[in-house]
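Take a look at the structure below.
The values are calculated or read from the model by the stated rules, or taken from the named source; none is laboratory data. Please read all numbers here as calculations on a predicted model, not as lab measurements. Positions of Cβ are backbone-derived with ideal geometry, glycine not excepted, and every protein chain shown enters the neighbour counts. Remember, those area values only see protein heavy atoms, side chains included, never the ligands or the DNA or RNA. Shrake-Rupley method; radii C 1.70, N 1.55, O 1.52, S 1.80 Å.
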Amino acid sequence: MPRSLEPLDLSVQIPYHFRCPISLELMRDPVTVNTGQTYDRSSIESWVATGNTTCPVTRAPLTDFTLIPNHTLRRLIQDWCVANRAFGVERIPTPKQPAEPSLVRSLLSQAASESNPTHSRLSALLRLRGLARDSDKNRSLISSHNVREILVNLVFSSSQSLELSHESLAILVMFPLAEFDCVAIASDPERVSCLANLLFHSSIEVRVNSAALIENVIAGTRSSDLRLQISNREIIFEGVIDILKNPLSSPRALKVGIKGLFALCLVKQTRHKAVSAGAAETLIDRLADLDKCDAERALATIELLSRIQVGCAAFVAHALTVPLLVKTILKISDRATEYAAGALLVLCSASEQSQKEAVCAGILTQLLLLVQSDCTDRAKRKAQMLLKLLRDSWPEDSVGNSDDFVCSEVVPF
């Protein structure tokens, strides 16, 4: 076979010089290093990030780590992809180039300067937001230029336009906050009130971004007193739960809402406020709409709220609570199973009606499978406690005819 061609599974041949010398895959963003060799950007960046200082092909020292886009080669690769579309080859998109440090500094300076016109500052923020969305590398670069302090000041400045404040908020939530930044926000009642009010803004994006910042601040603050100052406001619970209730909420809005509610409910003293705001009903109604990670957080929140009297009563009163929790066991993840079993244990301990609903929903089979599964020890202990609690509720034929029950670890009753 000619050196310039190599076979591909789809019976189409990729020209040798279209492949990255490191990954041997078709290059999507070819860049040239100072030795004259061309590599795919992600591959050569990974090579350098692991401490290598030589060119992978020539072994010559990389005296300059500047990566120059090879536009000519990239266009040739794109043309080749189009020509071989019939073979299932997809055209590679034109990559967006990484932001230059000088550009980031200029945009931040333009946005922070109060002497600049509002439209000029807003334009700079919009450009920054676009760069931050493009790649992790851009976000890392922007983060290294004191962006948090600048954005925090813009978000909470009373002398700036609301557009500047809202755009700054949208960018700020894209970056993790240092504890110093979290404390600066949590310890200022006016800033907390500002975020609480934004939870009821007419724009769903502003509301979601406000909830995201509240969650970031609570999660990044070690002071229990400061976390209590935030979670002690009913309006914050109401705003976060309204995001979850909104039928038009996007997947991101649901994720932010669940994360925010979970963070707020970690403060034990104010969990009753979550229940008063409708958290129990909303969590049960939304559980089926959540992805794995969000469902785990929702179930963890359900278990937390069920531990307080008003929370337990609210879940017991919802007709779907017990059937949904039973159905969740062994369906989502080990962690979700543990939280569901924990919540069921609390509810069934408090309510005979919940015991009957659990039995009708088929909890016996679920628990027997759970205690014999590879789930966590905590989940198995909760399952064993549930089996003992519910032993008087089983139909006689369920126990007498169950081989699974006889050979299970929960023997005897």
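General remarks:
- Against the conditions (1) without any contact (Cβ under 8 Å) to a residue 12 or more places away in the chain; (2) touching a helix residue (DSSP H, G or I) at 6+ places or on another chain (Cβ under 9 Å), Leu368 satisfies every one except (1).
- With respect to the conditions (1) in contact with a Leu (Cβ under 8 Å, 6 or more places away or on another chain); (2) over 21 Å from Glu238 (Cβ atoms), Ser158 lacks only one, and its number is (1).
- Of the residues making up segment 190-210, just one is of a type in the set (Ser, Thr, Tyr) and closer than 16 Å to Ser158 by Cα, namely Ser193.
- Verdict on Lys268 being at pLDDT below 95 and under 24 Å from Leu226 (Cβ atoms): yes
- The one condition from (1) open to solvent by 10 Å² or more (accessible area, probe 1.4 Å); (2) modelled with pLDDT under 90; (3) part of a helix (DSSP H, G or I); (4) in contact with a helix residue (DSSP H, G or I) (Cβ under 6 Å, 6 or more places away or on another chain) that Leu387 does not meet is (1).
- Screening Arg222 on (1) farther than 18 Å from Val152 by Cβ; (2) at pLDDT 95 or above shows it passes everything except condition (2).
Here's the yes/no breakdown for (1) closer than 23 Å to Lys96 by Cα; (2) touching a Ser or Thr at 6+ places or on another chain (Cβ under 9 Å); (3) surrounded by fewer than 17 Cβ atoms within 10 Å (Cβ to Cβ); (4) not hydroxyl-bearing (Ser, Thr, Tyr):
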| residue | (1), (2), (3), (4) |
| --- | --- |
| Val12 | no, no, yes, yes |
| His17 | yes, yes, yes, yes |
| Met27 | yes, yes, no, yes |
| Asn52 | no, no, yes, yes |
| Ile68 | yes, yes, yes, yes |
| Ile77 | yes, no, no, yes |
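- Any hit, segment 198-208, residues being over 14 Å from Arg233 (Cα atoms), touching a Phe, Trp or Tyr at 6+ places or on another chain (Cβ under 8 Å) and not aromatic (Phe, Trp, Tyr): yes
- Among the residues of segment 319-331, none is identified as at pLDDT below 90 and more than 15 Å from Leu368 (Cα to Cα).
- Test: residue in segment 184-195 that is under 21 Å from Thr301 (Cβ atoms) and open to solvent by 60 Å² or more (accessible area, probe 1.4 Å): no
- Condition broken by Val89, with the remaining ones in (1) touching a residue at least 60 places away in the same chain (Cβ under 8 Å); (2) closer than 22 Å to Gln37 by Cβ satisfied: (2)
- In segment 243-276, residue farthest from Ala298 (Cα to Cα) [restricted to those that are open to solvent by 20 Å² or more (accessible area, probe 1.4 Å) and in a loop (DSSP other than H, G, I, E, B)]: Leu248
- Test for Ala170: is it surrounded by 14 or more Cβ atoms within 10 Å (Cβ to Cβ), modelled with pLDDT of 95 or more, over 29 Å from Ile68 (Cβ atoms) and in contact with a helix residue (DSSP H, G or I) (Cβ under 6 Å, 6 or more places away or on another chain): yes
- Criterion (modelled with pLDDT under 90, open to solvent by 30 Å² or more (accessible area, probe 1.4 Å), of a type outside the set (A, V, I, L, M) and over 37 Å from the mean Cα position of the chain (by Cα)) met by exactly one of Thr35, Thr72, Thr58, Thr63: Thr63
- When each of Thr337, Thr365 is tested for being part of a helix (DSSP H, G or I), of a type in the set (S, T, N, Q) and at pLDDT 90 or above, the lone residue that passes is Thr337.
- Of all residues in segment 107-155 being hydrophobic (A, V, I, L, M, F, W, C) and open to solvent by 40 Å² or more (accessible area, probe 1.4 Å), the one that is modelled with the highest pLDDT: Leu126
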